[in-house]
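Following: one structure in structure tokens, then a few remarks.
Just so it is clear, none of the values below were taken in a lab; they were calculated from the coordinates. Small disclaimer: the values here were computed from a predicted structure and weren't measured. Glycine gets a Cβ as well: all are built from the backbone with ideal geometry, and neighbour counts include every protein chain shown.
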Amino acid sequence: MVATRNRGKLTEFRRLLRDHPWTLIGLDDAGFAGDVAEPGPGYEENALAKALEVCRVTGLPALGDDSGIEVEALRGWPGPHSSRWLGNAASDADRLRGLLDEVERRSPGDRRVRYVAVLALARPDAEPVVAHGTCDGVLVEPRGDGGFGYDPSFLSTDLGRTFGEVAPEEKDTVSHRARAVARLAESGVLAGIPEWARNPGG
Ligand code: IMP
């Protein structure tokens with residue numbers, strides 16, 4: 001299962017792992033009521049905490065994702081705080097506008113950004129495995145309404161268009177999350193998931 005309530009992330013994981021023979025469910029689908037603490041300070045601690053806690057409570061293999069956007073000129077801010085830096089009441093749209101305003105105010109001449117994703121896979125029967133992925137871009141006024149979060153303003157250096165403009169499958173060819181999933185697959189840990197744990201409730 002995926003230790004997230006973020007529907008955008010869950011949708012991406014379903015696409016990225018569709019060739020693997022298991023059903024992916026999110027925290028809400030699993031009836032997981034609790035909050036999963038993010039101890040920080042980094043992505044890795046947060047991804048591991050999410051995966052280990054959900055694996056412990058559900059007894060299922062759990063994938064934790066901690067990700068964020070980093071502004072090069074602002075020494076990587078907001079980074080691991082990307083979902084919370086504007087407070088808990090803010091929407092994705094508020095955070096996107098807020099980030100554009102901050103960059104315009106603090107580093108108008110340098111809009112280079114990077115997405116970072118760190119994944120942790122925790123299994124009841126094995127040690128957890130961590131994988132990283134990044135992708136580079138430039139922050140621009142929003143274009144397109146695809147993707148989620150900061151995607152409409154993330155002009156991908158690889159694709160020359162924003163993640164809001166491209167088809168989901170195109171984002172998957174270069175995204176930080178896709179690259180981290182590829183690293184995880186290379187480690188062999190995904191192939192090792194036992195049969196009984198592949199289709200919870202199904
Ligand atoms: P997390 O749930 O604490 O990992 O928060 C990740 C934050 O980074 C959220 O605000 C997301 O909107 C943002 N983020 C991470 N990956 C992406 C992405 O692929 N597209 C858009 N925003 C992302």
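Quick notes on this structure:
- Reducing region 126-202 and region 65-102 to their Cα centroids gives an inter-centroid distance of 18 Å.
- Neighbourhood net charge (9 Å Cβ-Cβ; Lys/Arg +1, Asp/Glu -1) for residue 82: +1
- If R0 equals 35 Å, the separation of the Cβ atoms of residue 74 and residue 127 corresponds to a calculated FRET efficiency of about 0.50.
- Computed from the C-beta positions of residue 157 and residue 5 and an R0 of 35 Å, the FRET efficiency is 0.70 to the nearest 0.05.
- Extension gain, residue 134 to residue 88: 0.36 nm times the residue separation minus the Cα-Cα distance gives 14.0 nm.
- Ranked list, fewest to most other Cβ atoms within 10 Å of each Cβ, for 176, 132: 132, 176
- The relative contact order of the chain, computed from alpha carbon pairs under 8 Å that lie at least 6 residues apart in sequence, is 18 percent.
- For region 133-149, 3J(HN,Hα) per residue [Karplus equation, 6.51 cos²θ - 1.76 cosθ + 1.60, θ = phi - 60°, Hz, x = Gly/Pro]: x, 9, 8, 9, x, 9, 7, 10, 4, x, 9, x, 10, x, x, 8, x
- Charge dipole of region 1-100 about the Cα centre (unit charges at C-beta), most positive-ward option of 83, 23, 57: 23
- For residue 131, net neighbour charge (Lys/Arg +1, Asp/Glu -1) across residues whose Cβ lies under 11 Å away: 0
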